[in-house]
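Undergrad: Dumping the structure here so I can ask a few things about it.
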Amino acid sequence: MKFQWLTTTDSLPPPANLKVTHRKGGYVEKTLKEITSFFLNWLFSEEIISRRGLLQSIDPRVKVLTLGLFIVAVSLYKTIFLLLGVYLFTLFLAYFSRISLRFFLVRVWLFIPLFSGIIAVPAIFNVFVPGEPIVNLFTFKSEVILGPLKIPETISITRQGLLTASLFVMRVATSVSLMVLLTLTTRWCHILKALRVFRVPQFFTFILAMTYRYIHLLMRQIEDIHFARKSRTIGKEKRGSGRKWAVSQIKFVLKSSLNMGEHVYSAMVSRGFTHELKVIENFNLRRIDYAWIIFSVFIIAVTLVLNWL
Amino acid sequence: MDYILSFYYCCYSGAELAVDRIFEVKDLSYSFLGRFPALCDVSFEIHRGERVVILGANGSGKSSLLHLLDGLVFSQKGAIRFMDYELNENLLKDEDFNMFFRKKVGLVFQNSDIQLFSSTVWDEIAFGPLHLNLHNDEVKTRVKEISELLGLEKLWDRPPYQLSGGEKKKVAIASTLAVNPDVLLLDEPTNGLDPRSQAELVGFLEELHKIGKTIITATHDLNIAEIVSDRAIVLNESHKIEAEGMTKDILEDTSLLIGVNLIHEHIHCHDGKVHMHPHGHFGKHEHEHQGHRDRQKD
Amino acid sequence: MHIPDGYLGPQTYIPFYGAMLPIWYWASRTLKKTLNARQVPFLALGAAFSFVIMMFNIPVPGGSTGHAVGGTLIAIILGPWAALMAVSMALIIQALLFGDGGITAIGANCFNIAFVMPFSGYYIYRFLSFNSGTNISRRVFAAGVAGYVSLNLAAFFTAVEFGIQPLIAHKPDGTPLYAPYPLNIAVLIMAFEHLVFFGFVEALVTGLVVGYIARTEPIMLNIPLGTSRFRQPASSFSQTQSDSPWAKKTVRNLWIGLGILILLTPLGLIAAGTAWGEWGTEELMEILGFVPDGLKRLVNIWHSLLPDYSIPGAEGPIMSALGYIFSAIVGTVLIILPAFFISRLISDRRKTQ
């Protein structure tokens, strides 16, 4: 009889022993996690931008310019003290911009500085970076050559190694902190508009803005797709089916992107767009902007002088 | 609201349309990609100041028709005349005509997400006026006043995709109105809107009509059809015009409406019995218990 | 593979900005000419797509997941110039708005991922798939290989950029100021990761998506539906020099391939020791304990201009590397010039006959 299976209840008993095993997240989980964190970060930012803090009150163009200069300065520092100093400075800025320090630290260090820290650890050994030993660890009979690697007789932790690892990590962390300060306190559309000041052509900034918008739309679609997949996956998957599905999703996203493109163009044409993009900017400089410019330039100048002395 | 609107009318009315016949559509046929038919030998006229609704089930060609009327796509067969200009690709490539046409006709798209592509609501509303070469100060004034009209000032700094359905629709309408078109085309405007937003929207359209705008709405939602229009054009599922006439009369022609899949045999329950009879919830709503079939509840 | 701030010093990142500015300028000029207004949203979509692809987790054999970049894929669909812009924009957005990848490193990142990868991938794909007509599996194969090679090429450039940091930017006592690992290690690790793992992920994504497009919308890939063997119709997206015959294209591809190989020659510096059989007298002394008489006599007959592929007088690793490249260029020119003249002679004779 047709539909018999639909009219009878499945005789599956509920699982007897509930072992709480940590199922390793498959690719669906992983992607979903990334997507969710993407949206969460974005949501947090909206809230922080609207707080009345120091950096939020500064004109976006000034912010982009000064924080950019800071990052360049950071890339020039040769001593660990200057890097630590500017890093502490970023913490102050975060505090005065009403960003919770805990949130700020997590946001900065996860994930690039942490990752950089991990890959910098081997550098403290003289296997990779030659230098004066501080602590001697192992001594072999003689040098060993493994292809391009020369392992010295004595493996030790070197002064140069420690210094380079610290310089590296602090430089990365400080640069990321400065960028995070910018992104947490400025609307993305303002960041893009501020680029116009640097003579980035309008063509470019307009498309950048559209791109940002599309990213959100695409992410939402992909999130839906992954939720759909997750809700329909029972048990383990056949090998290879996940791959096929992931690729088919890329195809789907591609298709809907193209579709979207046509429609957006129509919408733009309908309101008068022909070939040239026009934008109005509403930025005004206030006293706090001037104060901030003077302050940052002063600090950058002093640190650079100290750096090169 | 009325005061603001009449102010709007006085300031932005522009030249009186000398031509009474806005659109003349003759034997229009259109297919997507040359393969999928969307419209078949459609002919009708639209006059200045009219309120017309284009009714049809999903897939009957309403959206395509509006895109054709807005000069976004062009037909393979037949012609559309806008104020005695025949709309074709070359004509719209002419910068002067394009500027003129885009100022006169505005389209509110079905999917607001696609229509709203700017980074903030403010930018979105300003897009039209900016690209129609209005002076910066004029653009700012228009954005300000249109936002006041629709209650959008608080949303100026927000990205459009972050808004609720009703807010998005308002922004879409604001950005279309900011160029002050004489003709407003609306594609399924109440789709996905909550009841309050729907009511607001419909009321607003009525106000726009009062100040002289020509309003063409495409929808399958019969609930709003009578309020937003005086005249109706019905498309059937074969992409042809099934009927034309006063909206009131069309809506009472139940067999016509069933034939084009705008209403359905409705199943509802009362008096402990399940009834099935052709039914639409609009216009006069009386449960006449004549001529319906009784079905026993299982 | 996106380089964050702090990994590269200004000696490196500034030249890369310098290199990218004219490239971007050229790209926007080319696109403005060939891209009509209706394709502007597609460029943004391409960029968004590229961004999103970098976020996708793709399950790979072995049970783990990998990330793809998609640079070659976009180049195959939109053409290399459009891909350059699209991927550049995705990278800029990542850096500027998401803090993923540094802003001082934008020049270098764009060079590696938005320039080297799409262009090499595109030409490899065209070269391998030319004349394939409606043969879809050949295109899929070409796309896969293009993805694999272009990604590894980009990774190689990245590794070199890392690897030269300790050489060119360090304190007087030798402490590296930026990325701390020398060339041999940087290249080793990056090469390993990408040759063994990420390259295949990229090949997979590129190949399979191209296959799908070839089956469902062949027009997007310029697949001729029964046209002449030697011409490929230009699509509205890709920037092909569609008027030149395939022969010119093939030759051009070969030049590019040659150029790439020339740049790759310093790889030889990594291998310590001497290739088997290419010993000089000192090495022979070490190995055998003596040097055969005949060899002794012949050793000094020829004093080369570029001994050991290096520029005489130039010491140090960078100079050695440059020496290799210079030698390669000289060698190439010396081979090609006579060949060129000879072929000219032959074709002239043919013409007069």
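Undergrad: Collect the residues in region A:184-200 that are outside any helix (DSSP H, G or I) and touching a residue at least 60 places away in the same chain (Cβ under 8 Å), keeping them in residue-number order.
TA: Across region A:184-200, the qualifying residues are A:Thr186, A:Arg187.
Undergrad: Is there a residue in region B:166-176 that is within 22 Å of B:Thr120 (Cα to Cα), in a helix (DSSP H, G or I), out of contact with any Leu (no Cβ under 9 Å at 6 or more places or on another chain) and at pLDDT below 90?
TA: no
Undergrad: Still on this model: Just wondering, is there one or more residues in region A:105-112 that are among the aromatic types (Phe, Trp, Tyr), under 25 Å from C:Asp5 (Cβ atoms), modelled with pLDDT under 80 and surrounded by 15 or more Cβ atoms within 10 Å (Cβ to Cβ)?
TA: no
Undergrad: Report whether or not B:Lys144 is of a type in the set (D, E, K, R), within 26 Å of A:Thr211 (Cα to Cα) and at pLDDT 90 or above.
TA: Taking the combined requirement at face value, the residue does not satisfy it.
Undergrad: Separate question: Which residues, counting only those in region B:20-68, are over 23 Å from B:Asn223 (Cβ atoms), charged (D, E, K, R) and modelled with pLDDT of 90 or more?
TA: Selection gives B:Glu24, B:Lys26, B:Asp27, B:Asp41, B:Glu45, B:Arg48.
Undergrad: I'd like to verify a number: residues in region B:58-79 that are surrounded by fewer than 22 Cβ atoms within 10 Å (Cβ to Cβ), aliphatic (A, V, I, L, M), farther than 26 Å from B:Val139 by Cα and out of contact with any Asp or Glu (no Cβ under 6 Å at 6 or more places or on another chain), how many?
TA: 1
Undergrad: Considering each residue of region A:51-91, count those that are over 21 Å from the mean Cα position of the chain (by Cα), without any contact (Cβ under 8 Å) to a residue 60 or more places away in the chain and in a helix (DSSP H, G or I), and give that number.
TA: Final tally of qualifying residues: 1.
Undergrad: All but one of (1) more than 18 Å from C:Ala159 (Cβ to Cβ); (2) modelled with pLDDT under 90; (3) more than 8 Å from every other protein chain (Cβ to nearest Cβ) hold for C:Pro118; which doesn't?
TA: Here C:Pro118 meets the rest and fails (2).
Undergrad: Mind checking which pairs have a first residue in region A:160-181 that is more than 8 Å from every other protein chain (Cβ to nearest Cβ) and a second that is of a type in the set (Lys, Arg), Cβ under 9 Å, 6 or more apart or different chains?
TA: Filtered contacts from region A:160-181: A:Leu181/A:Lys63.
Undergrad: Is it true that some residue in region C:75-91 is modelled with pLDDT under 90, on the phi > 0 side of the Ramachandran plot and more than 7 Å from chain A (Cβ to nearest Cβ)?
TA: Scanning region C:75-91, I find at least one residue that is modelled with pLDDT under 90, on the phi > 0 side of the Ramachandran plot and more than 7 Å from chain A (Cβ to nearest Cβ), so the answer is yes.
The values are calculated or read from the model by the stated rules, or taken from the named source; none is laboratory data. Computed from a predicted model, the values in this text were never measured in an experiment. Positions of Cβ are generated from backbone atoms using ideal geometry, with glycine treated the same way; all protein chains shown enter the neighbour counts.
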